[in-house]
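Here the structure is laid out as structure tokens; the discussion comes afterwards.
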Amino acid sequence: MTDAPIPAQRPRGIRLLTAGLMLLASHLAFAHDAIPRLPNGKPDFSGIWQTLTPADDDLEPHAARKDAPPSAGVIEGKFIPYLPQALAQKKKNFEARETADPRTKGWTLGVPRGIYYPEPFQIFQRPRDLKLVFQFGHTVRTIHTNQTEHPDVIGDLLSGDSRGRWDGDTLVVDARNFTDQTWLDRAGNFHSSDLHVVERWTYLDANTVEYKATLEDPQVYSRPWTLGVILHRHREKDFQLIEDYRFTLDFDQYYPPKRDKN
């Protein structure tokens, strides 16, 4: 009587590798299905978002100072690659930051500053575009996702002109046609009207988004550079944006009419 052959077993290392790959595939499939999507299958970024980083105080690493807590910064490579003349202007901006920052006038924050400013913003999304409504000044920014190009002729805009496309599940936004009247943070980091921004919006899970922005401006920077922050979805009951029309405060005593307090 001949013994039946014993089935060959794969080496333990290969079995562990196979199990690991199957677990990874399962995790990726879960992550793919867990993020909210539009009926067309694209990720849906609708909701109210806010970052917890102190990026708006200063994008670069800095020690504690009276008007800002310490921070390791949010820039890849740590520091903005300013051209010499632009660096001198940045230092002037820093010295005058208490009054020169456009934020203190209640102006539109611009791109990318509006994303990491420490107030919430809300996204309304449909297949053709995303509308970003910011609590600060209730500024509205449109990101077109209908495969249209930047207009040939357009004036300089505080929030620029934004055109988005999809790279898998990542929203890639090309923004240009900016004015030079916005800053990047409260420390005086700035740009010219030649600013070109490429944003990447990627879900990490159903309530967390990784936001990256690469900035290019040959009038101010020696090369393109990238910043990154994490955005968190607000899930508090009845959470909503609150009017923050800071630019009207100087007229508050006149309009709307005040009742006699006596």
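Just so you know, all these numbers are worked out from the coordinates, no wet-lab data involved. Remember, it's a predicted structure, so these values are computed and weren't measured experimentally. A quick note on method: Cβ atoms are made from the backbone with ideal geometry, for glycine too, and the neighbour counts reach across all protein chains shown.
Structure above, values below:
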{"item": "Residue among 224, 148, 253 farthest towards the positive dipole end of the stretch 130-262, charges placed on Cβ", "result": "253"}
{"item": "Per-selection Kirkwood Rh - the stretch 128-262 (Cα, Å, 1 d.p.)", "result": "17.5 Å"}
{"item": "Relative contact order of the stretch 51-191, defined on C-alpha pairs under 8 angstrom at six or more residues apart (%)", "result": "25 percent"}
{"item": "Formal net charge of residues neighbouring residue 208 (Cβ-Cβ distance under 12 Å; K, R +1; D, E -1)", "result": "0"}
{"item": "Pairs beyond 22 Å (Cα-Cα), from 105/237; 66/90; 66/91; 66/212", "result": "105/237; 66/212"}
{"item": "Relative contact order [Cα under 8 Å, 6+ residues apart], the stretch 104-262, whole percent", "result": "19 percent"}
{"item": "Cα-based equivalent ellipsoid of the stretch 152-221: semi-axis lengths in Å, sorted from largest, via gyration tensor", "result": "24, 16, 10"}
{"item": "For the stretch 185-231, the fraction of alpha-carbon pairs in successive 10 Å shells from zero, as %", "result": "25, 44, 24, 7"}
{"item": "Per-selection metrics, the stretch 116-161 (Cα): Rg and Dmax in Å", "result": "12.1, 34"}
